[in-house]
Amino acid sequence: MINISHIPLPFIQIGIGLIGILAFVGLNGLVCVYLERKIAGHIQRRPGPFEVGPHGIFQPLADAVKLVAKQMITPKGADPILYWAAPLISFAPAIVCFLPLPFGPNLQNISVNIGLILVLAFSGLNVLALCLAGWSSQNKWSLLGAARSIAQSVAYEIPLLLSLLPVVLLTGSLNLVDITNYQGAWPWQWLVVKQPLAFIIFFICVFAETNRAPFDLPEAESELTAGFHTEYSGMGFGLFFLAEYSYMVVGCALASILFLGGYQGPVAPGWWWFLLKVYGLLLLMIWVRWTYPRVRFDQLLNLTWKWFIPLTLINILITALVVKL
């Protein structure tokens, strides 16, 4: 028997938080699958799922059962250790990214002074997972998807990080609670008003970092079958998409905290404001996916190297000058 009284309180707190985060991630995956199907159906004037439950509301559960029931096969010639480690490496850091996020005034698992760096560092591990998945699958389409993923992630991580420096300069903190509290309850007090360019660049970079259309080059179905996850089936495939939806929520949560006041709201600040902003941005990401066509790879790289990086550097210099003056 384990004597709980001998376990330090922070470990118990983190353990309870991880259980809550896993439950939230699973529920979020079901909600996002349903939203993705229904929004795509309405935007492209084609019916979404209607058969399973009223208005297809049980379709995500049917999809989850299907993924769990499917056999997981290791392709011939693949590296089995790296092949099955890749989806785990993709999913596990996404869980850690939720730990320092302040959902409400007193609803945060761990409060650290470098919370922003912690989230950015762990979210960057996803590209390693995609690289391993593509390289270990012994499939040329998967390898090309992995190569695209590395080029895309390296290119867009630079302007993403640079777009956040003005926020740090203005608030003087890397603590996500301090950054939230720096902003007021009303929209004109949020940092998106002071840093609209940083917000736009950051949010576009979130699309690229999460491989969402129009930047879904690593998994372009019309060119690469399915890209880095072509050979995966069952829950190997499912973990990649749970991770993708989790990173989407993390990106939208950071945008909400850094630019939209987080849990601050005009009336009754709390976790409901935070979730409202996060899922509002999430709906925008889904809408963009089913509205705009995929860009070419040269357009994707030109956008970041020729436009985003110079603009973010200019924005940093202007912000630093204003703060100094």
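Side notes on the structure shown:
- Measuring max minus min along each principal axis, the C-alpha atoms of region 48-203 give extents of 55, 43, 29 Å (largest first).
- Total lysine pairs in the chain at Cα distances under 23 Å, for residues eight or more apart or on different chains: 5.
- Shown is the FRET efficiency for Ile110 and Val154, computed with R0 = 25 Å from the Cβ-Cβ distance and rounded to the nearest 0.05: 0.30.
- Nitroxide proxy distance, nm - points 7 Å out along Cα→Cβ at Leu169 and Lys140: 4.8
- Kyte-Doolittle mean at least -0.5, axial Cα span of 18 Å or more - DSSP H helices of the chain: 9-43, 80-97, 140-171, 196-209, 234-259, 271-289, 309-324
- Segment Phe297-Thr74, extension gain: residue separation times 0.36 nm, minus the distance between their alpha carbons: 77.3 nm
- Based on Cα contacts under 8 Å between residues 6+ apart, the chain shows a relative contact order of 23 percent.
- Using a Förster distance of 51 Å, the FRET efficiency for Phe11-Lys306 (Cβ separation, nearest 0.05): 0.60
- Accessible area per residue, Å², region 114-270 with all protein chains present, probe 1.4 Å: 33
- Burial ranking of peptide ranges 116-122, 130-136 (average Cβ count within 10 Å, highest at the top): 130-136, 116-122
- Put a plus charge on the Cβ of each Lys and Arg, a minus charge on the Cβ of each Asp and Glu, and nothing anywhere else: the dipole of the chain about its Cα centre is then about 440 debye.
- Per residue, region 1-84 exposes an accessible area of 71 Å² to a 1.4 Å probe, with every protein chain left in place.
- In terms of Cα atoms, the Rg and Dmax of region 101-155 work out to 16.2, 49 Å.
- The alpha carbon gyration tensor of region 222-325 gives principal lengths a ≥ b ≥ c with a/c of 1.5 or higher and a/b no greater than b/c, which makes the shape oblate.
- Solvent exposure of Glu157, expressed as accessible area, is near 60 Å², computed with a probe of 1.4 Å over the protein chains only.
- Rh by Kirkwood over Cα pairs, then Stokes-Einstein D for region 120-277 at 1.567 mPa s and 4 °C, µm²/s: 77
- Helical content of the chain, expressed as a calculated mean residue ellipticity at 222 nm, amounts to -21500 deg cm²/dmol (DSSP H runs of 4 or more residues, -39,500 (n - 2.57) each, divided by residue number, nearest 500).
- Taking 0.36 nm per residue of separation and subtracting the Cα-Cα distance, full extension of the segment from His42 to Trp188 would add 49.3 nm.
- Cα-projected label distance for Leu325 with Glu51, points at 7 Å along beta-carbon direction, nm: 6.5
- Relative contact order [Cα under 8 Å, 6+ residues apart], region 197-324, whole percent: 30
- Rule-of-thumb Rg ratio for region 56-115 [Cα; 2.2 N^0.38 Å; N residues]: 1.72
- The apolar share of the surface of the chain, taken as the fraction of accessible area on carbon and sulfur atoms (1.4 Å probe, ligands and nucleic acids excluded), comes to 73 percent.
- Stokes-Einstein diffusion for region 284-325, with the hydrodynamic radius set to the Kirkwood value over Cα pairs and evaluated at 4 °C in a medium of 1.567 mPa s, equals 102 µm²/s.
- Working ranking of peptides 11-22, 171-182 by packing, defined as the average number of other Cβ atoms within 10 Å per residue, highest first, is 171-182, 11-22.
- Using distinct alpha-carbon pairs, which all enter the 1/r mean, Kirkwood radius of the chain in Å: 20.9
- Each part reduced to its alpha carbon centroid, region 97-153 and region 280-325 end up 19 Å apart.
The values are calculated or read from the model by the stated rules, or taken from the named source; none is laboratory data. Keep in mind that what you see is a predicted model, and the values were worked out from it rather than measured. No Cβ is skipped: glycine too gets one built from the backbone with ideal geometry, and neighbour counts run over all protein chains shown. Side chains are part of the model used for accessible areas, which takes the heavy atoms of the whole protein and leaves out ligands, DNA and RNA. Shrake-Rupley method; radii C 1.70, N 1.55, O 1.52, S 1.80 Å.
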